[in-house]
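Asker: Let me give you the structure first, and then I'll get to my questions.
The values are calculated or read from the model by the stated rules, or taken from the named source; none is laboratory data. Remember, it's a predicted structure, so these values are computed and weren't measured experimentally. Positions of Cβ are generated from backbone atoms using ideal geometry, with glycine treated the same way; all protein chains shown enter the neighbour counts. We work out accessible area using only protein heavy atoms, side chains counted, and drop any ligands, DNA or RNA first. Shrake-Rupley method; radii C 1.70, N 1.55, O 1.52, S 1.80 Å.
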Amino acid sequence: MKRIGYEKSIDRFLSTLDFDPPPACRILDAGCGTGFLGLHFLQRWPRAELHATDLEPNFLRTTLANAGQRGLSTHRILTSVSDISAPKQATDLDGTRHTLVDSSYNLICLGAVVGYANDTEMSLRQLMQLLAPGGTLLNMEMNESPTGRFVSWRYQYQNIPLTQFAQVIRDEGGEVTSAALGLKYFPACLTRIAFVARKADC
Ligand SMILES: C[S@@+](CC[C@H](N)C(=O)[O-])C[C@H]1O[C@@H](n2cnc3c(N)ncnc32)[C@H](O)[C@@H]1O
């Protein structure tokens, strides 16, 4: 992925997104993979802290290694194994278990992961509950292009259509916008679309 410029093209797209979090904000990157979504924002906001979760412990180790390569202190990162079907339950690499606290994250990043949940709507609802008032949930979802659908089929991923995403977010008190990735974000534009949900302020 790195070699073909995929992560860099998403990184360039993320740079165009305008968020205004509190300086010491908390970020959750659920289903982090190599961590590039959460690490982008950790690099952008020097006082932010990242909680990176994934079903596979190896991806958590990769995320920590990638943080080091970006010159980011791993002290700013908590890593936990967590299933996106139950995103509030997490187990650290040393075996410590947590229940994540509602309304405690200012930004939640997701990328092609909610479609792995047993119940996508339940997963999204729980993720919205974890978001602080005024917070943002960014879902870099698989798009509906032939390439996006082929890649999803290949990896047995269930795409989340915008209509379904928006319905759940509205039920949970959020507002949704979406942005297609233009050709200048090649190759990410072949498979991804950005859904952005903002939770109302209290
Ligand atoms: C397509 S990769 C996406 C990685 C990254 N978020 C991105 O945007 O490119 C899917 C990630 O979801 C993780 N994953 C798969 N099933 C999962 C589950 N049930 N719960 C949590 N993570 C899961 C995989 O280990 C992998 O890191």
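Asker: Looking at (1) open to solvent by 30 Å² or more (accessible area, probe 1.4 Å); (2) within 16 Å of the ligand (Cβ to nearest atom); (3) small (Gly, Ala, Ser), can you tell me which one Ser152 breaks?
Answerer: Just one mismatch for Ser152, condition (1).
Asker: Taking interchain pairs and intrachain pairs at least six residues apart, which have beta carbon atoms under 6 angstrom, with the first residue in segment 82-99 and within 15 Å of Pro57 (Cα to Cα) and the second away from the ligand (no atom under 15 Å from the Cβ) and open to solvent by 70 Å² or more (accessible area, probe 1.4 Å)?
Answerer: Thr91/Arg97
Asker: Quick test for you: out of Leu138, Leu60, Leu50, Leu131, pick the one residue that is in contact (Cβ under 8 Å) with a residue 60 or more places away in the chain, in contact with a strand residue (DSSP E or B) (Cβ under 7 Å, 6 or more places away or on another chain) and within 14 Å of the ligand (Cβ to nearest atom).
Answerer: Of Leu138, Leu60, Leu50, Leu131, the one residue that is in contact (Cβ under 8 Å) with a residue 60 or more places away in the chain, in contact with a strand residue (DSSP E or B) (Cβ under 7 Å, 6 or more places away or on another chain) and within 14 Å of the ligand (Cβ to nearest atom) is Leu138.
Yes or no, residue by residue, for (1) over 16 Å from the mean Cα position of the chain (by Cα); (2) over 26 Å from Asp20 (Cβ atoms); (3) not small (Gly, Ala, Ser):
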{"residue": "Trp153", "(1), (2), (3)": "yes, yes, yes"}
{"residue": "Gln164", "(1), (2), (3)": "yes, yes, yes"}
{"residue": "Glu175", "(1), (2), (3)": "yes, no, yes"}
{"residue": "Ala188", "(1), (2), (3)": "no, no, no"}
{"residue": "Ile193", "(1), (2), (3)": "no, no, yes"}
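Asker: Being open to solvent by 60 Å² or more (accessible area, probe 1.4 Å) and within 12 Å of the ligand (Cβ to nearest atom) is the filter here; which residues of segment 97-123 pass it?
Answerer: Of everything in segment 97-123, those that are open to solvent by 60 Å² or more (accessible area, probe 1.4 Å) and within 12 Å of the ligand (Cβ to nearest atom) turn out to be Tyr116, Asn118, Asp119.
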